[in-house]
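Remarks on the structure that follows.
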Amino acid sequence: ALPVAARGGGTGTTGQSLNSGVIVDTSRYMKRILSFDAETRQVVVEPGVVLDQLNRFLAPHGLFFPPAVSTSSRATIGGMFATDASGKGSRRYGRMSDWVAKADLLMADGHACDTDNLPGAADMSADLEAHATAIARAFPQINRGLTGYNLREAMGAKGLNGVKLLAGSEGTLALTTKLTLRVTPMPSYKALTVLAYTDCLAALDHVPQLLAADPVAIEFLDDKIIDLAARTPMWSELQTIFGGFGGARGFLFIEFSGDCPEDINAGHALLNDILAAAPESFIGRTDTDHPTQMAALWETRKRSVGLLGAMEGARVGIPYVEDAAVPPGNLTRFVQEFRNILNDHGLDYGMFGHADVGCVHVRPALDMLSAGARTL
């Protein structure tokens with residue numbers, strides 16, 4: 001038997017599409033938007049459609065596809081389904097599988113089906129029901145998706161939920177040939193607040209209180225990323241925001257959105273109340289609703305990987321721990337202990353992630369041509 005594996009945009013960091021068999025590159029020929037129904041707010045796409053391509057198509061209709069991965073300029077919809085991707089705003093919008101109505105599939109024996117009519121669905125439902133207690137014990141209650149078989153959510157109220165089972169399975173169960181997606185209206189108003197702290201841990205420690213303002217997203221970056229961004233052309237738009245934060249080593253990006261200005265004002269009012277009792281580590285804030293500034297800020301967050309990938313000399317930020325997720329209340333302790341390990345090895349590193357859902361990316365600076373670095 002010859003293994004067959006699908007490949008999307010190649011944005012995965014664990015070599016998912018590296019295989020000894022046949023690689024199906026969906027981004028080359030399977031990249032059509034097949035149909036769109038504005039009334040039902042559904043769009044049908046091939047798996048090689050890129051996320052930014054899809055949102056450009058939807059924008060004139062006032063709609064968008066919510067899962068907002070930072071690699072949106074190259075990540076494919078099929079790849080996002082394979083990993084049950086989420087990204088910025090997942091606390092409100094959920095994961096990829098929450099927006100897939102149906103996936104058309106090709107099984108290993110060449111049989112075509114879809115997630116509503118999976119072969120053996122009744123037997124799988126019975127197995128899931130029989131092992132419900134073990135599944136509940138093994139799968140944590142966290143917002144972020146798990147790459148793998150989402151057995152906790154695969155058992156739906158009406159039997160097997162094929163979308164939840166396939167999402168995150170990395171193409172090991174079937175090849176996805178078509179996806180029917182739900183889309184939603186784009187918010188009419190957005191605003192972004194940057195909060196600065198003396199330390200990244202202090203910033204993370206404040207997140208549970210800040211969630212009471214109910215923002216769309218709270219993202220965090222450390223000072224390493226901002227220092228690297230200051231060397232890029234983007235800094236012309238960012239300098240007025242970060243220029244007054246001398247000594248800051250941790251930053252939170254907080255986004256509010258809504259259908260009217262009152263939605264933004266309500267969020268800011270709640271935030272103001274929370275910041276009235278801010279810790280001593282809090283240095284200051286900058287608010288903006290300027291589209292160019294907000295775009296530059298989110299582009300900085302998106303480019304965190306690239307910025308850390310060109311740190312200095314032969315050392316670059318290496319994919320090390322990607323999308324590690326813990327309950328948000330445990331994030332500060334998790335990052336503290338992780339930093340202790342990196343510091344004990346004398347490593348320089350950058351950290352960023354989705355603070356509101358307890359997700360962190362860690363990129364230590366290593367020279368992989370050095371034998372010492374390869375054995376760490």
What number of residues in region 123-149 are of a type in the set (A, V, I, L, M), more than 30 Å from residue 360 (Cα to Cα) and either exposed (fewer than 11 other Cβ atoms within 10 Å of the Cβ) or in contact with a Gly (Cβ under 7 Å, 6 or more places away or on another chain) (or both)?
1
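Results for (1) closer than 22 Å to residue 289 by Cβ; (2) under 20 Å from the mean Cα position of the chain (by Cα); (3) surrounded by 20 or more Cβ atoms within 10 Å (Cβ to Cβ), shown as yes or no for each residue.
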{"site": "182", "(1), (2), (3)": "no, yes, no"}
{"site": "186", "(1), (2), (3)": "yes, yes, no"}
{"site": "194", "(1), (2), (3)": "yes, yes, yes"}
{"site": "199", "(1), (2), (3)": "no, no, no"}
{"site": "208", "(1), (2), (3)": "no, yes, no"}
{"site": "214", "(1), (2), (3)": "yes, yes, no"}
{"site": "217", "(1), (2), (3)": "yes, yes, yes"}
Look at region 125-155 and say how many of its residues are modelled with pLDDT under 85 and either at positive phi or touching a Ser or Thr at 6+ places or on another chain (Cβ under 9 Å) (or both).
5
Extreme residue, modelled with the lowest pLDDT, among residues of region 7-29 that are closer than 18 Å to residue 106 by Cα and open to solvent by less than 50 Å² (accessible area, probe 1.4 Å):
17
Which pairs have Cβ atoms under 7 Å, sit 6 or more apart or on different chains, and link a residue in region 53-82 that is within 14 Å of residue 6 (Cβ to Cβ) to one that is in a helix (DSSP H, G or I) and among the aliphatic types (A, V, I, L, M)?
75/51; 77/51; 77/54; 80/51; 80/96; 81/96
Output the residues belonging to region 154-180 that are β-branched (Val, Ile, Thr) and either buried (at least 23 other Cβ atoms within 10 Å of the Cβ) or in contact with a His (Cβ under 8 Å, 6 or more places away or on another chain) (or both).
163, 176
From the list 285, 303, 315, which one is in contact with a helix residue (DSSP H, G or I) (Cβ under 9 Å, 6 or more places away or on another chain), within 27 Å of residue 168 (Cα to Cα) and open to solvent by 60 Å² or more (accessible area, probe 1.4 Å)?
303
Residue within region 47-65 that is at pLDDT below 95 and among the acidic types (Asp, Glu) present:
no
Please name all residue pairs, on different chains or six or more residues apart, with Cβ atoms under 8 Å, provided the first residue is in region 286-297 and is part of a loop (DSSP other than H, G, I, E, B) and the second residue is among the small types (Gly, Ala, Ser).
289/191
Is at least one residue of region 247-263 closer than 21 Å to residue 92 by Cα, at pLDDT below 95 and assigned to a helix (DSSP H, G or I)?
no
Is it the case that residue 372 is of a type in the set (Gly, Ala, Ser), open to solvent by 60 Å² or more (accessible area, probe 1.4 Å) and farther than 25 Å from residue 12 by Cβ?
no
Matching residues in region 74-105 (part of a strand (DSSP E or B) and surrounded by 17 or more Cβ atoms within 10 Å (Cβ to Cβ)) number 7
Counted residues in region 30-52 being within 13 Å of residue 78 (Cα to Cα), surrounded by fewer than 20 Cβ atoms within 10 Å (Cβ to Cβ) and not β-branched (Val, Ile, Thr) come to 2
Please enumerate the residues belonging to region 339-362 that are open to solvent by 30 Å² or more (accessible area, probe 1.4 Å) and closer than 24 Å to residue 300 by Cα.
339, 347, 348, 349
Which residues, counting only those in region 109-165, are assigned to a loop (DSSP other than H, G, I, E, B) and in contact with a Lys or Arg (Cβ under 7 Å, 6 or more places away or on another chain)?
115, 116, 139, 143, 145, 150
Of all the residues that make up region 356-376, how many are closer than 15 Å to residue 222 by Cβ and of a type in the set (Gly, Ala, Ser)?
1
If the Cβ limit is 8 Å and pairs must be 6+ apart or interchain, which residue in region 159-173 that is of a type in the set (Val, Ile, Thr) pairs with which residue that is surrounded by 23 or more Cβ atoms within 10 Å (Cβ to Cβ)?
163/97; 163/100; 163/103; 163/115
Checked 221, 204 against criteria (more than 18 Å from residue 299 (Cβ to Cβ) and open to solvent by less than 10 Å² (accessible area, probe 1.4 Å)); the one match is 204
Filter region 336-371 down to residues that are assigned to a helix (DSSP H, G or I), closer than 17 Å to residue 143 by Cβ and not small (Gly, Ala, Ser), then give me how many there are.
2
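The values are calculated or read from the model by the stated rules, or taken from the named source; none is laboratory data. Everything quoted here is computed from the prediction, not taken from an experiment. As a convention, Cβ positions derive from the backbone with ideal geometry for all residues, glycine included, and neighbour counts pool all protein chains shown. Each accessible area value is taken on the protein alone, full model and side chains, heavy atoms only, with ligands, DNA and RNA left out. Shrake-Rupley method; radii C 1.70, N 1.55, O 1.52, S 1.80 Å.
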